Amino acid sequence: MAEICITLIWMLILKKILLTALILSMANIHFAQQQKRDSMIALLPKAKADTDKVKLLYRIGDEFETNEVERASGYYTQAFSLSKNLNFTKGIIRYYSSQGEILNMKGKYAESIGLLKQGLELAIKKGDKMREGIMYENMGNTFGYMEEIDTAVNCYYQALNIFDLFNDTVKISNVYSDLSSIYTRVGKLEKALEYSDKAIRILQINRDVYLLSAMTNREAILWKMKKYEDAENLNDEIIKLAIALQDNWGITDAMANKCSHNRALGQYASLKKNADELFNTALHFDSDAIKCAAYYWLGEADFCNRNFLAAKKNIELAIGLAEKNGLTQKLKENYLLYSKILLALTGNVAMSEKFTTAADSIEQQTINEQVLKAAQNASEKYQTEKKDVQLELQRVTIKEERLWKYILSGALVAFLTIGFISLKSYRNKQRLLISEGALQEQQIVRLENERHLAATEAVIKGQEEERSRLAKDLHDGLGGILSSTKYSFNNMKQQFILSEENAKAFEKSMSMLDESIAELRRVAHNMMPETLTKLSLDEAIQDYCLQISDSSILRVTYQSFGMKEMKPDDTIKITAYRIVQELLNNMIKYASASKAMVQLIAKENILHITVEDNGMGFDVKQLPYATGIGYKNMLSRINFLKGKMDIQSAEGLGTSVYIEIPV
């Protein structure tokens with residue numbers, strides 16, 4: 001027994017020694033990084049205006065890139081200007097790469113692609129294969145951010161082929177990591193793990209930040225594959241490597257990862273221990289973002305261990321830091337946890353709901369920004385393509401002007417003999433220019449249509465994602481609160497003796513609460529019905545028609561033919577469901593119909609949708625002047641899918657809507 005006690009004591013002492021060493025090493029990280037940055041800046045005034053100064057400017061910019069992007073951009077711009085003066089090709093190409101990464105951080109992906117294409121063209125023109133490979137890799141990263149996955153993968157393989165020529169193992173491993181990340185995002189985890197392992201095997205030799213990134217990527221893949229023990233072991237190795245590299249973000253991210261794993265697995269005692277270690281480490285960093293994360297996990301640990309007062313105090317500190325530094329995502333997650341703590345601590349539903357609503361507002365703002373960013377990227381992409389077309393037209397025009405100079409020079413020398421031929425050639429050229437002008441107009445119209453379709457797609461996706469999120473939040477959030485309230489009322493009823501009058505009022509309130517819960521579920525179901533995610537299009541629409549018929553509002557007859565053989569993608573499935581939903585809702589609201597018929601026919605890769613009613617009908621000629629958004633939304637969805645719609649109606653004769661959508 002004495003030996004066991006001594007062993008335990010030594011283990012505790014060793015653990016404290018290791019933790020102390022970790023904290024001391026953390027304290028030196030920020031100072032070392034600042035000292036390195038200041039020493040490089042001090043060299044600038046004395047540096048000669050040569051290629052070495054260009055490299056120094058880029059190294060300084062790299063130091064600021066992760067936390068002060070505008071300052072980093074300033075150093076990159078100085079390096080670019082000096083590179084042009086020196087005609088230093090590598091420095092010019094490096095600018096396109098570095099500034100493109102800055103634009104990626106700002107979400108300006110289309111503008112970034114424009115810069116990277118310039119860098120790629122210059123590398124190809126100068127025969128610099130290595131820079132060509134770097135440009136392809138950077139373009140793959142940007143296309144990945146734009147969710148153009150196939151294009152991103154093609155760029156990565158182009159880069160991989162070039163880096164293989166140089167046997168550059170570091171760059172090859174970087175591309176493997178990029179491919180691993182992209183396959184993780186599309187859910188191909190086995191493929192992602194394969195490329196992650198390839199990257200790690202190469203990077204094990206140098207054990208640098210690239211290895212840290214690859215290990216972090218592999219840990220995330222293992223966790224998604226539910227290989228929890230392997231993920232935890234790898235996370236411990238990540239912390240050790242991050243400490244050796246003095247990477248403070250890598251250290252705290254990995255420690256926060258341990259807390260997240262503990263919470264997911266219900267290991268609340270370990271969560272408390274790891275949250276305390278994260279907090280002690282964060283105190284030695286001059287970063288409010290890291291401290292905010294540490295306070296959050298302390299609050300999460302206290303909440304899970306039912307220490308609600310301590311949890312409330314820690315989350316209030318985290319909220320203060322998040323509000324002070326504009327950390328919107330951290331503010332959202334702290335608001336959500338704070339609402340749970342208040343509900344558990346005080347039972348005050350209204351106060352709890354206040355913070356839930358605040359978190360929802362942040363989420364809504366994020367979604368709106370994402371939709372706006374998608375639309376802006378589509379617009380920027382269109383403008384970039386339009387600019388490329390204009391540049392090409394200018395090149396053609398310059399060539400034509402030169403050609404005309406030669407022709408006119410020849411005509412002056414032999415005017416008497418070739419005057420007729422020159423005049424005829426001039427007229428032919430004029431007709432050619434007119435034809436080219438008409439062709440250019442057609443191209444502009446086509447590009448405008450493509451831009452409009454891209455914007456429509458972004459809006460439709462944004463609407464469906466928002467519907468799904470709101471439906472989930474209504475069902476899981478407000479639905480859970482109402483159900484908890486009902487449960488609390490039932491418990492109160494058993495504990496108190498009510499008068500007959502109060503008992504009736506109580507039962508009436510419970511009935512109203514049941515109706516509220518039912519109405520909430522109906523609204524959530526209409527926004528994103530479970531049938532749409534679990535069933536086929538045929539089964540989902542049939543289920544929706546039965547729901548309307550069962551409500552006795554409108555008797556709907558449903559027919560389908562050949563739908564079992566058709567497998568539409570999710571976009572067509574959601575769009576068709578929303579169109580039928582909108583048409584039936586309009587019939588209920590405006591048509592005063594008692595019967596309706598919905599028919600789906602799949603034939604020769606065309607989905608035929610027919611919806612008819614026996615209602616009052618309307619004047620079809622007034623449709624273009626309709627002020628509501630329902631008809632316009634339907635038309636936009638159909639045009640986006642390259643479909644067509646025909647509406648037949650007359651007053652007193654009902655309405656028939658026929659739609660064709662290519663699959």
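The values are calculated or read from the model by the stated rules, or taken from the named source; none is laboratory data. All figures in this text were calculated on a predicted structure; none of them were measured in a lab. Because the Cβ atoms are built from the backbone with ideal geometry, glycine has one as well, and the counts that use them run over all protein chains shown. Areas reflect the complete protein model, heavy atoms only, side chains present, ligands, DNA and RNA absent. Shrake-Rupley method; radii C 1.70, N 1.55, O 1.52, S 1.80 Å.
Key figures for this structure:
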read-out: DSSP-loop chymotrypsin sites (Phe, Trp or Tyr not before Pro) across region 40-128, with at most 15 other Cβ within 10 angstrom; value: none
read-out: Pairs of alpha carbons in region 169-247 whose separation is greater than 20 Å (percent); value: 26 percent
read-out: Candidates per GluC sites (Glu not before Pro) in region 578-663, loop by DSSP, up to 15 other Cβ within 10 Å; value: Glu604, Glu651
read-out: Stokes-Einstein D (µm²/s) once Rh is taken as the Kirkwood radius of region 207-250 over alpha-carbon pairs, at 20 °C in 1.002 mPa s; value: 207 µm²/s
read-out: Gain on full stretching of the segment that runs from Arg59 to Ile205 - 0.36 nm per residue minus C-alpha separation; value: 50.2 nm
read-out: Heavy-atom SASA rank of His261, His608, His284 (probe 1.4 Å, accessible area, largest first); value: His284, His608, His261
read-out: Neighbourhood net charge (12 Å Cβ-Cβ; Lys/Arg +1, Asp/Glu -1) for Ala152; value: -4
read-out: Full-extension gain in nm, Glu582 to Asp286, via 0.36 nm per residue minus C-alpha separation; value: 101.1 nm
read-out: Distance histogram in 5 Å bins (all Cα pairs of region 81-231, percent per bin); value: 2, 10, 17, 19, 20, 15, 9, 4, 2, 1, 0, 0
read-out: With DNA, RNA and ligands ignored, accessible area of Ser551 (1.4 Å probe; Å², nearest 10); value: 60 Å²
read-out: Of Lys258/Lys291; Lys291/Lys312; Lys291/Lys354; Lys291/Lys332, pairs whose Cα-Cα distance is over 19 Å; value: Lys291/Lys354
read-out: Sequence ranges 209-221, 267-279, ranked by mean other-Cβ count within 10 angstrom, highest first; value: 209-221, 267-279
read-out: Förster-model FRET efficiency, 30 Å R0, Ala350 and Lys534, C-beta, rounded to 0.05; value: 0.25
read-out: Overall form of region 582-650 per C-alpha gyration tensor (a/c, 1.5; a/b vs b/c); value: oblate
read-out: Label point distance in nm, Gln599-Lys564, each placed 7 Å from Cα along Cα→Cβ; value: 2.1 nm
read-out: Cα shape, region 541-597, gyration tensor, a/c 1.5 rule; value: prolate
read-out: Loop-located trypsin sites (Lys or Arg not before Pro) in region 44-114, at most 10 other Cβ atoms within 10 Å (DSSP); value: Lys46, Lys48
read-out: Stokes-Einstein D for region 190-336, Kirkwood Rh over Cα pairs, 10 °C, 1.306 mPa s (µm²/s); value: 99 µm²/s
read-out: Candidate residues Ser98, Ser181: accessible-area rank, largest first, probe 1.4 Å; value: Ser181, Ser98
read-out: Virtual paramagnetic centre 7 Å along Cα→Cβ of Asp50, amide N under 19 Å, in region 62-105; value: 79-92
read-out: Kirkwood-based Rg to Rh ratio, region 537-655, C-alpha trace; value: 0.95
read-out: Simple Cβ-charge dipole of region 228-276, Lys/Arg +1 and Asp/Glu -1, about Cα centre, in debye nearest 20; value: 260 debye
read-out: Heavy-atom accessible area order for Glu539, Glu500, largest first, 1.4 Å probe; value: Glu500, Glu539
